[in-house]
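What follows is one structure encoded as C-alpha cells, with my remarks underneath.
The values are calculated or read from the model by the stated rules, or taken from the named source; none is laboratory data. Everything quoted here is computed from the prediction, not taken from an experiment. Please note: Cβ atoms are built from the backbone with ideal geometry, for glycine as well, and neighbour counts cover all protein chains shown. Note: accessible area is taken over every heavy atom of the protein model, side chains too, but ligands, DNA and RNA are not part of it. Shrake-Rupley method; radii C 1.70, N 1.55, O 1.52, S 1.80 Å.
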There are 2 protein chains.
Amino acid sequence: MSLTSFFSPTGIVIIGASHEPTKLGHGLAYNLARSNYAGAMHFVNPKGGKLFGQPIYTNIAEVPDPVDLAVVLTPAPTVPQTLRECAKRGILSAIILSGGFREVGPEGAALEAEVLAVAQEYGMRFMGPNCVGILNTHLPVDVTFLPPPGPLPGEIAFISHSGALCSAVVDWGSGQGYGFSHMISLGNQANINEADVLAPVADDRFTRVLAMYLESISNGQRFVQEASQVTRSKPIIVLKSGRSASGQRAAASHTGALAGQEHAVDAAFRRCGVIRANTSEELFDWARALAWCQPLKGRAISILTNAGGPGVTASDAVEANGLSLAELASETVTALRQILPSAASVRNPVDILASGSPELYASSLKILLDDPATDGVLVIILAPPTFSAGAVAKAMVPIIQSAAKPVIVALMGQRMTGEAAEHLRSAHIPEYCFTERAISAMAILAQRHEFLARADEKPVTLEVDPGAVRSLLDSKSASPADILAAYGIPTLPIRLASSPAQAAEVARQLGFPVVLKVASLDISHKSDVGGVLLNLADEAAVSQGFETVVANARRAMPEANILGVHVQRMLPAGQEVIVGAVQDPLFGPLVMFGSGGVEVEGLKDVAFALAPLTRSDAERMLESTWAGRKLRGFRNLPPADRAAVLDVLLRLAQLAADFPELPEIEINPLRVLADGQGAFAIDVR
Amino acid sequence: MSLTSFFSPTGIVIIGASHEPTKLGHGLAYNLARSNYAGAMHFVNPKGGKLFGQPIYTNIAEVPDPVDLAVVLTPAPTVPQTLRECAKRGILSAIILSGGFREVGPEGAALEAEVLAVAQEYGMRFMGPNCVGILNTHLPVDVTFLPPPGPLPGEIAFISHSGALCSAVVDWGSGQGYGFSHMISLGNQANINEADVLAPVADDRFTRVLAMYLESISNGQRFVQEASQVTRSKPIIVLKSGRSASGQRAAASHTGALAGQEHAVDAAFRRCGVIRANTSEELFDWARALAWCQPLKGRAISILTNAGGPGVTASDAVEANGLSLAELASETVTALRQILPSAASVRNPVDILASGSPELYASSLKILLDDPATDGVLVIILAPPTFSAGAVAKAMVPIIQSAAKPVIVALMGQRMTGEAAEHLRSAHIPEYCFTERAISAMAILAQRHEFLARADEKPVTLEVDPGAVRSLLDSKSASPADILAAYGIPTLPIRLASSPAQAAEVARQLGFPVVLKVASLDISHKSDVGGVLLNLADEAAVSQGFETVVANARRAMPEANILGVHVQRMLPAGQEVIVGAVQDPLFGPLVMFGSGGVEVEGLKDVAFALAPLTRSDAERMLESTWAGRKLRGFRNLPPADRAAVLDVLLRLAQLAADFPELPEIEINPLRVLADGQGAFAIDVR
C-alpha cells in the first residue's frame, strides 16, 4: 500500500483534539490549524464542541469527506478500537502519536501488537506509536505537537527515531538560519519504518538531502535497497547511535568476532552511498553543505583568508580530512599578485591581509574559482578592522551563487559577524564558525561526488561452479577446501598416492615443488621417522622420494600400516592475510579482509564490505588496511600477488552471496606469493 | 629581567597614539582610555595635541613619571630608534604592535634583528612585533587595537601566535557567554615567546586556565620546564597548528623517520601535562570546562536526561571518549524510583521523561551526585513541553554549584533554551548544544585529574655505568652493544673461543643453550661446510662441538685460516618489538617503543615519550601500542616478559638522557622471551 496519504493527504482528522491549552491534543490541533494546510481538516473528541472555528465530531464515523489520514492522540488502551473505527470510516492511513506502548514494557508491547494486528486486518498503514508526528513546510502541513514556532522552510528532510530530537533540531536549525522540508518522527516503527519513508521523502522536489537519526535498522537488506535508489539522486546522511550498546557477536572465528554490528552498518552504508555522521554536529553541518553546495569534483581546494592563523588551522584540517591544497596555476598567482598588496600571500592559503576590502575578497575569489587546479574554495572571514564582515559576505554572495564549484565559508566570530551570517544564510551558502568544521563539510562534498562516480558500478561476476557447491552442500560431506575450489579459489589439496608412479603423476598435477608425507594412521611424528621430504622439484625426485619415505617409515616402525604417501604442493614464503565471509543477521553476506594471524584482532587491521563486491569495493578493502597496502611491497618486503588477492576476495564474496546458508567461511591464512605466483588458501574453516 | 611591567605596569605610554578615528593608533588609545586602567596613561605623537583629555607629548623624553611600559605603533623603520628613546627615558618594557618585520620578508627580518639588537644593548624586553597587544580584564588594562567591545571578564587566559584569532575569540566568547582574564598576542616573538609568559599569567589569581594557539615552539626544553611548573596548579590547553606543514624528518632509522615533529610535540605536552586540542572548537569547549569545573576523579559518569535519543548519543560519546557509564548503586536506583514516574528509566542514562519538572530534575541530580559510583554527571536538557528550560536550569544551578563532583550540561536547542543558557553561563556551568561536545569536555576533566595524580612522579633512575659509556665514546671504537651493556640492557654478545675448554667456559658465562660458528674470514657460508651447530645445551656438548665444527671446516676447506669458534647464546623464539631513542632538535631525548620489523612504519604502531621516563610513562608506551599490549599474551600467543621490556625502556631512556651526544640508538628487534626469561637486543644500530 502506498504512503501517499501520509505525504499528500486530501483530508486529515485529528482524533484526540483538545480544547485545553495545556494538552498535547490542543497543540497538535493548533499546529495543523496554523500550518496553512490546503486540504480538509477535522477534529474528533467524544466531548464535542468547536475548535479553531471547526466542529469537533464526537465519533469518527461522523467525519465528512474528504479524509484519508488520521492523526491519533488518544490514551493507549483506546488506540486499537480507534484504528478499527478509522478503517470502517475508510481511513487507512494513521499516525499514532500516543505513548504507552512497547517503550513502557511488556504490557505496552502487547498493546502495540494488538494495534498492528488491527492494521493488518484492515490493510492499514500507520506511523508510530509514540512519536511526535510529521510536518512538511512546503505542502504545507504540520501534524506534530512540537511547541511552535515550527521550522523554517528548507531543503533538509529530517527523519528521526527520537521524537525529542525533532524538537531540539527545529530550534537549532532556526537559530542557525536553516530550515527543513520534512520532519518525520518514526516513534516505535511498529508498521512504517525508516526504509519505508525514504522514497516518498526523496520524491519531494523541495528536499535536497535526507538527514536521519537512527537507533536501529529494522530490515537491513530492504534499507540498503531503498537507500541505494535514493542516493543516486539525493544524499542521505545518518547519525546511527547505539554503538556502545551493540557489543560484539559471540562467534567462533575472527570474521564473526570482528564483524559486530557496527562494521556491518558501515559496510551497508558504504554500499548504498549513505554518509555516516559520527556526531550530531556533523549530521547538521554536513546536511547544510549537501543541501546547498554542488559536489566537490576533486579533492584539491583553495583557501582565501584575511588572517594567517585560521589559514594554518584550515590547512591542518585539509590534510586531516583527506583533502589537499590546490597547487595554484601560474596564471592564478599572477592574477592575484596584480590585485593584492605586496605583503599578501599569493600561495595557497591566499592571505589578502586584514586590510582586504569586500572588493578584494570578491576579485580574489573569482580568480581562485577560475583556477584550473582548484576544485572548491574555503573562504575564511574574520571581521576586518576597517570594513564590515557583512559587506564582505554581501560582495561574495553573487560570485558564490554563480560558481560552478562549491564554496564554503568559515565565518569566525559571533556578534561582529552576525550580518555576514544573515547574508550567507539567506543565499544558502553554508558558514561555520570554525575552519575545521567548514573543511569537514567540504570533505563530505568530495565523498558525495566519489559515490556518484561509482554508483553505477556492478558487482563483479566471475565464472564459478555453483552446481558443484550445491552438490557438496547436499552431500553433507563437503570439505571447505572443495567448496572454495568450486569457486576458483586456489587451495592446497593433499592427495594420497599409493605408488611411486602415482605420486609423480599427482605431483605433476599439483605443481612443483611438492612435499611428501608418509600416510599412516599409526605414525604420529612423521618427520622423526624420516617420513617427510620437502621441496621435491620434479617427477623423478617424487618417484624416488616415495620409495625413500616408505622405506624409512617401514624401517622405523615395522608394525605400522602404511597407506601410501600424501603429496601436497610446497609453497614458497609469502605475505599472509586473512579473508573471510560471514552472514550478518541484518545485512546478509559480509566479506572481510585483514592482517593474518592474531594480528587481525589485536590490531583491528581489517576491512568489511557487503557481498557481492564491485571491483572498487575490493580495491578499497585492500587500500584501507595495512595488510592490503603492504601487498604492493614496503621497504625490504617484496611486492606480492595483489591481483590474486583481489580475485580471491571477489570469488569468496560471490560464494557468500550465492549461498546464504553458509554461515561463515574463513581463510586464515591466505598465503600470497610473489607477483604473478598466486595466492593460496592454507587453512580454511 | 622580570616581566612585571607587562603584567602590572605602573604607567603606560602609547607611542603612535592618533587623533584619527580610522587609525589603529586611535583605537589603541581609545581601548586604553576606556579600560579603567588605574595607572598613569600617556600618549606620544610628533604631531602633539590632546587625546581623551590628555596631552600628546611630541617626544618620548617628555613623558612624565610613572611610566614603565611602552606600547609602540609607529611605522616599522622608526621602531629601533623609538626603542632607543624608550630606553633612554628609562622604559625597559615594550609591546611592539607595528607590522612590517619578519612576516613581510628578508628586509623586515633585518629590521627585526635590529630591534632585537637595540633591546639587548639596553637590557630591554619586548613583545611582538606584529601583534595586536595585550589586555587583562581584571587589572584592568587594554592595550590592544581590537575593535570594541573587549571580552567579558573571565577565567580563561588566551595566549596566541595569531593576532587575528584574538579578535575572533573575543567575539565568539562574548556570544557564547564566557570571558577572558588575559588576551596576549605574541606576534613574531622576537624577544618574548610563549614560554616566557606562562608563569606570569598563571600567577594571576583570576586566571583558572591557560588556552594557547601556537604555530611553533621557540625553545622546546624551556617550554616543557615552564609548562611543567604551571600545570601543577593550572591547566594549559594548546591548539598547536602546522601539523600539515611539519612533514617528516629525513632519517636513517625507523625511530628518526617516525619521530617527526608532531610525535615529539605530543610527547613533550604529555610530559608537562599540557592538554592538546585538535580543533579550535575543542580548545574553547575544553577551556570552559577546565575553568569552571572540578577535576573528574574517576571515569564513571551518570547521565540525567528528559529524552531517550540524546541519552543514546551521549552514551556512545562516553565510550568513544574513554569514559564509562556508572553502575548506579541500588540505593540510588531505589531513591530515583521513589520520585520518578514508573515509565521513567532509572538505569543510567536516567531518563525522567519529557514531563520531568524542574523539581524532578533537581532531585534526580542530587540523588545522582550522591551515588558513590558516579564521578560526574552530564545533564541533558531539551526544552520540556510543559516547563521552561530556563526554570529547569535555574532549579539545578544551586545544586551544581555546591556539588563536590563536576556537572556539565548538554542544552539542546537554541532559541527555546536561551534563558537556560543565561542561567548556566552566569553560574559558570559549562553548557554545550551537543551531547558529544559535552562528553568530550567531561573526558578532559578526567585527563586533568589523572595528570595531577602523576605530576609528582619522578623519572626512574636505575643503577647504570655512565663512566663506562663515557670511556667507550671517548675511545671512538665503541660498539653499540657495549654501550647498551653498560646500561644493563641485555645483548647477545658473540665471543671467540680458541679451544674446546675455552668454548665451554665462554658458553657457561653466556648461558645455555648456545650456537657455535666456525670463526674464519675465509669461509662465508659457514653452515654449508658444517661449520655451525645449534642448540648446544651443556659444557660437554660445547667442548665436543668445538672439535666437530673445526674438523668439518678443515675437511671442507683445508686452505682456510681458522681462528677458533664463535660462541653466542641461542635464544628461544619470542615476541619481537622495537625500542629506540633519538635526540629531537626541539625537545631533546625522545624514546620510542613499537612493533618490530617493517610493521612499525606500516602500522604506525608506535609510542613516544620524553626521556628520562617515569614508570607510568613506560607503562603507557606499552599499553598504547598493540606491540605492548600483546606482551601480556593474546589468544594463542603466550605472555612474554613484559617487566623486562619496561626495564629496557627505562634504561635506554636513561642512556639517551645521560648522553645527548648519542644522536640515535635503535634496538630492532628486541626479542622478548617468556615471562621471567628476559628480553635481549638482537640487532642494535
Check: Assuming B:D371 fulfils every condition listed in (1) of a type outside the set (S, T, Y); (2) open to solvent by 10 Å² or more (accessible area, probe 1.4 Å); (3) touching a Leu at 6+ places or on another chain (Cβ under 7 Å); (4) farther than 22 Å from A:S162 by Cβ apart from one, which condition is it?
Finding: (2)
Item checked: Criterion: surrounded by 15 or more Cβ atoms within 10 Å (Cβ to Cβ) and free of Cβ contacts under 8 Å to residues at least 60 places away in the same chain - qualifying residue of B:F587, B:F593, B:F608 -> B:F593
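Right, A:G628: under 23 Å from the mean Cα position of the chain (by Cα), of a type in the set (G, A, S) and either over 25 Å from A:L571 (Cα atoms) or not in a strand (DSSP E or B) (or both) or not? Show your work before the answer.
On the way: under 23 Å from the mean Cα position of the chain (by Cα): yes; of a type in the set (G, A, S): yes; either over 25 Å from A:L571 (Cα atoms) or not in a strand (DSSP E or B) (or both): yes.
Here the answer is yes, as A:G628 does meet what is asked.
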Checklist line | Among the residues listed as A:N136, A:N193, the single one being under 20 Å from A:G99 (Cβ atoms), more than 13 Å from chain B (Cβ to nearest Cβ) and either of a type in the set (S, T, Y) or open to solvent by 10 Å² or more (accessible area, probe 1.4 Å) (or both) | finding: A:N193
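Could you grab me the full set of residues in region B:145-161 that are open to solvent by 10 Å² or more (accessible area, probe 1.4 Å) and of a type outside the set (A, V, I, L, M)?
Of the residues in region B:145-161, the ones open to solvent by 10 Å² or more (accessible area, probe 1.4 Å) are B:145-153, B:155, B:161.
Selection gives B:F145, B:P147, B:P148, B:P149, B:G150, B:P151, B:P153, B:E155, B:H161.
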Checklist line | Selected residue (only one of A:I381, A:I439 is within 11 Å of chain B (Cβ to nearest Cβ), over 26 Å from the mean Cα position of the chain (by Cα), open to solvent by less than 10 Å² (accessible area, probe 1.4 Å) and on the phi < 0 side of the Ramachandran plot) | finding: A:I381
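Please go through region A:60-104 and pick out each residue that is in a helix (DSSP H, G or I), away from every other protein chain (no Cβ under 14 Å) and open to solvent by 10 Å² or more (accessible area, probe 1.4 Å). Before the answer, list the steps.
Of all residues in region A:60-104, those in a helix (DSSP H, G or I) come to A:60-62, A:76-88, A:102-104.
With the extra rule that they be away from every other protein chain (no Cβ under 14 Å), the set shrinks to A:60-62, A:77-88.
Of everything in region A:60-104, those that are in a helix (DSSP H, G or I), away from every other protein chain (no Cβ under 14 Å) and open to solvent by 10 Å² or more (accessible area, probe 1.4 Å) turn out to be A:A61, A:E62, A:P77, A:T78, A:Q81, A:T82, A:R84, A:E85, A:A87, A:K88.
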Next item on the list: Hey, can you tell me all the residues within region A:145-163 that are over 24 Å from the mean Cα position of the chain (by Cα) and either within 11 Å of another protein chain (Cβ to nearest Cβ) or of a type in the set (A, V, I, L, M, F, W, C) (or both)?
Entry: A:F145, A:L146, A:P147, A:P148, A:P149, A:L152
Check: In region B:114-125, how many residues are open to solvent by 20 Å² or more (accessible area, probe 1.4 Å) and over 31 Å from the mean Cα position of the chain (by Cα)?
Finding: 6
Checklist line | Candidate set: region B:364-384, residues that are out of contact with any Ser or Thr (no Cβ under 8 Å at 6 or more places or on another chain) and in a helix (DSSP H, G or I); chosen: the one farthest from B:W292 (Cα to Cα) | finding: B:S364
Next item on the list: State yes or no: is B:I399 within 14 Å of chain A (Cβ to nearest Cβ), at pLDDT 95 or above and out of contact with any Gly (no Cβ under 8 Å at 6 or more places or on another chain)?
Entry: no
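Identify all residues within region A:634-650 that are part of a helix (DSSP H, G or I) and surrounded by fewer than 23 Cβ atoms within 10 Å (Cβ to Cβ); write none if there are none.
A:R642, A:A643, A:A644, A:L646, A:D647
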Next item on the list: Please identify the pairs in which a residue from region B:22-40 that is within 14 Å of chain A (Cβ to nearest Cβ) and part of a loop (DSSP other than H, G, I, E, B) has its Cβ atom under 9 Å from the Cβ atom of a residue that is open to solvent by less than 40 Å² (accessible area, probe 1.4 Å) and of a type in the set (A, V, I, L, M, F, W, C), counting only partners at least 6 apart or on another chain.
Entry: B:K23/B:L73
Check: Just a yes or no: is a residue in region B:416-425 of a type outside the set (D, E, K, R), open to solvent by 50 Å² or more (accessible area, probe 1.4 Å), within 24 Å of B:V312 (Cα to Cα) and within 13 Å of chain A (Cβ to nearest Cβ)?
Finding: yes
Next item on the list: Count, please, the residues in region B:334-352 that happen to be more than 10 Å from chain A (Cβ to nearest Cβ), assigned to a loop (DSSP other than H, G, I, E, B) and of a type in the set (S, T, N, Q).
Entry: 1
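Starting from residues that are part of a helix (DSSP H, G or I) and not hydrophobic (A, V, I, L, M, F, W, C), keep the ones in region B:353-363 and report whichever is most open to solvent (accessible area, probe 1.4 Å). Even if it seems obvious, please write down each step before you answer.
Filtering region B:353-363 for residues part of a helix (DSSP H, G or I) gives B:358-363.
This time we only want the ones that are not hydrophobic (A, V, I, L, M, F, W, C), so: B:358-359, B:361, B:363.
Working: B:P358: 8, B:E359: 118, B:Y361: 0, B:S363: 44 Å².
Once the filter is applied, the top-ranked residue is B:E359.
Please find, among B:S355, B:S388, B:S315, the residue that is at pLDDT below 95 and at the interface with chain A (Cβ under 10 Å from one of its Cβ atoms). Spell out how you get there, then give the answer.
Numbers: B:S355 fails: at the interface with chain A (Cβ under 10 Å from one of its Cβ atoms); B:S388 fails: at the interface with chain A (Cβ under 10 Å from one of its Cβ atoms).
From the options B:S355, B:S388, B:S315, the qualifying one is B:S315.
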Checklist line | Qualifying position, being within 27 Å of the chain's Cα centre (by Cα), farther than 30 Å from A:E62 by Cβ, of a type outside the set (V, I, T) and open to solvent by less than 10 Å² (accessible area, probe 1.4 Å), among A:G128, A:G173 | finding: A:G173
Next item on the list: Determine, yes or no, whether B:S167 is modelled with pLDDT of 95 or more and within 12 Å of another protein chain (Cβ to nearest Cβ).
Entry: no
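Which residue out of A:R632, A:R642 is more than 18 Å from B:D605 (Cα to Cα) and more than 14 Å from chain B (Cβ to nearest Cβ)? Break it down stepwise before answering.
Values: A:R632 fails: more than 14 Å from chain B (Cβ to nearest Cβ).
Testing whether each residue is more than 18 Å from B:D605 (Cα to Cα) and more than 14 Å from chain B (Cβ to nearest Cβ) leaves just A:R642.
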Check: Would you pick out the residues in region A:4-39 that are in contact with a Pro (Cβ under 9 Å, 6 or more places away or on another chain) and open to solvent by less than 20 Å² (accessible area, probe 1.4 Å)?
Finding: A:F6, A:P9, A:G11, A:G16, A:N31, A:S35
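Return yes when A:L622 is assigned to a helix (DSSP H, G or I), touching a helix residue (DSSP H, G or I) at 6+ places or on another chain (Cβ under 8 Å) and within 14 Å of chain B (Cβ to nearest Cβ) and no when it is not. Working first, answer last.
Values: assigned to a helix (DSSP H, G or I): yes; touching a helix residue (DSSP H, G or I) at 6+ places or on another chain (Cβ under 8 Å): yes; within 14 Å of chain B (Cβ to nearest Cβ): yes.
When the stated conditions are applied, A:L622 passes them.
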Note to self: Being more than 13 Å from chain B (Cβ to nearest Cβ), without any contact (Cβ under 8 Å) to a residue 40 or more places away in the chain and within 23 Å of B:R102 (Cα to Cα): is that true of A:I367 here?
What the structure shows: no
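Just to verify a result, which residue in region B:282-312, among those that are without any contact (Cβ under 8 Å) to a residue 60 or more places away in the chain and open to solvent by 10 Å² or more (accessible area, probe 1.4 Å), is nearest to the other protein chains (Cβ to nearest Cβ)? Don't jump to the end; show me each part of the working.
Start the filter on region B:282-312 by keeping residues that are without any contact (Cβ under 8 Å) to a residue 60 or more places away in the chain, which leaves B:308-309, B:312.
Then drop every residue that is not open to solvent by 10 Å² or more (accessible area, probe 1.4 Å), which leaves B:308, B:312.
On the way: B:G308: 6, B:V312: 4 Å.
In this case the residue turns out to be B:V312.
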Next item on the list: Scan region A:478-518 for residues that are aliphatic (A, V, I, L, M), touching a residue at least 24 places away in the same chain (Cβ under 8 Å) and closer than 20 Å to A:A468 by Cα and jot them down.
Entry: A:A481, A:I483, A:L484, A:I489, A:L492, A:I494
Checklist line | One residue from B:G177, B:G187, B:G173 being more than 8 Å from chain A (Cβ to nearest Cβ), over 22 Å from A:Y432 (Cβ atoms) and not hydrophobic (A, V, I, L, M, F, W, C) | finding: B:G187
Next item on the list: Keeping to region B:651-669, report how many residues are within 21 Å of B:T614 (Cα to Cα), in a strand (DSSP E or B) and open to solvent by less than 30 Å² (accessible area, probe 1.4 Å).
Entry: 3
